[in-house]
Amino acid sequence: MTDNTIVIVGSGQAGFQTAASLRTEGFEGEIVIIGAEPGLPYQRPPLSKTYFVDSDAQRLLFRKSDFFEKNRIELLQNIRVTRIKRDKKQVELEDGRIISYDKLVLAMGTKNRDLPIPGTNFENVLQLRTLADADKLRQAAKGASGAVMIGGGFIGLEVASVLRGLGLDVSIVELEPRVMARSVSEPVSAFFENMHTAMGVKLFLGERVASIQGNAQGQVETVTLGGSGAKLAGDLVIICAGVVPDIQIAADAGLAIENGIRVDEYMTTNDPDIFSIGDCAAFVHTASGQRVRLESVQNALDQAKCVAAKIAGHPEAYDRVPWFWSDQAGTKLQIAGLTGQADQWYEKQSDSPKKLTVLAFKDSQFVGAETINNASDHMTARKILALQDKVSFKDFESRGFDLRQIAMEKARTG
């Protein structure tokens, strides 16, 4: 292993894990993490969930400051990289500083999608992406009586459930005809729609926000819908309308872009000295052959470890079963595989109305499972998806859709 300088752009889950894994792999060279936010690297998933109740930011940290000192990881905080100079193997910071690298890892993640809606400048029209956003939202919620969520995806529903639990009147406006439509099947959407409605959340599906209104003091008051023209009252508006990959510096540097920074099976870009991982990287999912970009903790962790191993000199192609989760009002949704590509679904019978398992198939082959409050089925589905042999709909049908039986049989024959 050649000891040299590794520069990591991005201090989120993927960036931090790359640095930590490099040291675990025995890398002795310099490691520099460049983060756009102030403070030590921290976990993002709790921001839309438990952080509203347990607001101790120290609990979000991956590691305390002594970890970085002990492992000789230099952390540059609250500053952005504005340019990659590939010919000189340098990155330029917004304050003009130049940092040289031998290997560069791009882990910038995503940024919130901009919506062309009039009125987003009113007070208490907020978004949620960073710890600072979460602090501002948590404080605003204390004095609010009603909240309008723009977006019915994972984050929107998670925040809605927390705000409803705090006693706020909550409305969700979603452009698609059902919640989480881009991520889950119809039965799962229906389950969460019923759950949120039972909690008192008002759903406006297949609707868009035309404008946001406020008073003379600059405080938000109402949201006007574009379809029905209805006006929703709210002194707190939260935009959760999805994200886009943060790829501008990569594109400016001439790196290949395809719904993210295009990488090979080792997370290497079209420049052999530059890698990209996490939410901003587009890679080929082995099982489906499709180029995808995934936004999940699992993906960030595993790709970081893949890059660290590659730099350490014992590369192993990235081939992991994707999985995702969402916690809403004590209800856990877990997804194994890429269920969005499915063309056939099977809803399993459950022994409880609070549990659900939906199996996903593409061209009659098993591609994933969506479970609600059923960790056993989720873990078993991941085991099946990790097997080399494909499992067909007929395989499931002939065994009464018993995941454990299929997993055991395939493990014995494999």
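Looking at Val297 and the list (1) buried (at least 17 other Cβ atoms within 10 Å of the Cβ); (2) more than 24 Å from Ala375 (Cα to Cα), which single condition is not satisfied?
It fails just one condition, (2).
Within region 322-414, which strands (runs of 3 or more DSSP E) (wholly inside it) include 3 or more residues that are under 28 Å from Asp302 (Cα atoms)?
Output list reads 323-328, 331-337, 356-362, 365-372.
Of the residues in region 156-177, how many are assigned to a loop (DSSP other than H, G, I, E, B), over 16 Å from Ala233 (Cα atoms) and either touching a Ser or Thr at 6+ places or on another chain (Cβ under 6 Å) or not hydrophobic (A, V, I, L, M, F, W, C) (or both)?
Within region 156-177, residues that are assigned to a loop (DSSP other than H, G, I, E, B), over 16 Å from Ala233 (Cα atoms) and either touching a Ser or Thr at 6+ places or on another chain (Cβ under 6 Å) or not hydrophobic (A, V, I, L, M, F, W, C) (or both) number 2.
I'd like to know if region 184-196 contains one or more residues that are touching a helix residue (DSSP H, G or I) at 6+ places or on another chain (Cβ under 6 Å) and either crowded, with 20+ Cβ neighbours inside 10 Å or aromatic (Phe, Trp, Tyr) (or both).
no
Tell me which residues, restricted to region 129-149, are under 18 Å from the mean Cα position of the chain (by Cα) and either polar (S, T, N, Q) or surrounded by 22 or more Cβ atoms within 10 Å (Cβ to Cβ) (or both).
Within region 129-149, Thr130, Ala134 meet the criteria.
Has region 113-123 got at least one residue that is touching a strand residue (DSSP E or B) at 6+ places or on another chain (Cβ under 6 Å), in a helix (DSSP H, G or I) and not assigned by TED's automatic domain parsing to the domain that holds Gln248?
No: region 113-123 contains no residue that is touching a strand residue (DSSP E or B) at 6+ places or on another chain (Cβ under 6 Å), in a helix (DSSP H, G or I) and not assigned by TED's automatic domain parsing to the domain that holds Gln248.
Identify, please: which residue in region 98-128 is on the phi > 0 side of the Ramachandran plot and not polar (S, T, N, Q) and is, among those, nearest to the chain's Cα centre (by Cα)?
Gly109
Out of (1) within 28 Å of Ala250 (Cβ to Cβ); (2) modelled with pLDDT of 95 or more, what's the single condition that is false for Val125?
Answer for Val125: the failing condition is (1).
Could you check region 21-40 and list, in sequence order, the residues that are of a type outside the set (Val, Ile, Thr), crowded, with 16+ Cβ neighbours inside 10 Å and in contact with a strand residue (DSSP E or B) (Cβ under 8 Å, 6 or more places away or on another chain)?
Leu22, Arg23, Phe27, Glu30, Gly35, Leu40
Any chance region 301-312 includes a residue that's touching a residue at least 60 places away in the same chain (Cβ under 8 Å) and farther than 30 Å from Ile33 by Cβ?
No, region 301-312 contains no residue that is touching a residue at least 60 places away in the same chain (Cβ under 8 Å) and farther than 30 Å from Ile33 by Cβ.
Report yes if some residue within region 69-87 is part of a loop (DSSP other than H, G, I, E, B) and of a type in the set (Ser, Thr, Tyr); otherwise report no.
No, every residue in region 69-87 fails to be part of a loop (DSSP other than H, G, I, E, B) and of a type in the set (Ser, Thr, Tyr).
Within region 1-20, take every residue that is in a helix (DSSP H, G or I) and more than 18 Å from the chain's Cα centre (by Cα) and give me the one that is surrounded by the most Cβ atoms within 10 Å (Cβ to Cβ).
Ranking the qualifying residues of region 1-20, first place goes to Ala19.
More than 30 Å from Asp327 (Cα to Cα) and either surrounded by 19 or more Cβ atoms within 10 Å (Cβ to Cβ) or without any contact (Cβ under 8 Å) to a residue 60 or more places away in the chain (or both) - does that describe any residue in region 41-63?
no
Pro272 versus (1) free of Cβ contacts under 8 Å to residues at least 12 places away in the same chain; (2) in contact with a Lys or Arg (Cβ under 7 Å, 6 or more places away or on another chain); (3) not small (Gly, Ala, Ser): which is the lone unmet condition?
Tallying (1) free of Cβ contacts under 8 Å to residues at least 12 places away in the same chain; (2) in contact with a Lys or Arg (Cβ under 7 Å, 6 or more places away or on another chain); (3) not small (Gly, Ala, Ser), Pro272 fails exactly one: (2).
The values are calculated or read from the model by the stated rules, or taken from the named source; none is laboratory data. Values in this document were obtained by computation on a predicted structure and should not be read as measured data. For neighbour counting, all protein chains shown are included, and Cβ atoms are generated from backbone atoms with ideal geometry for every residue, glycine included.
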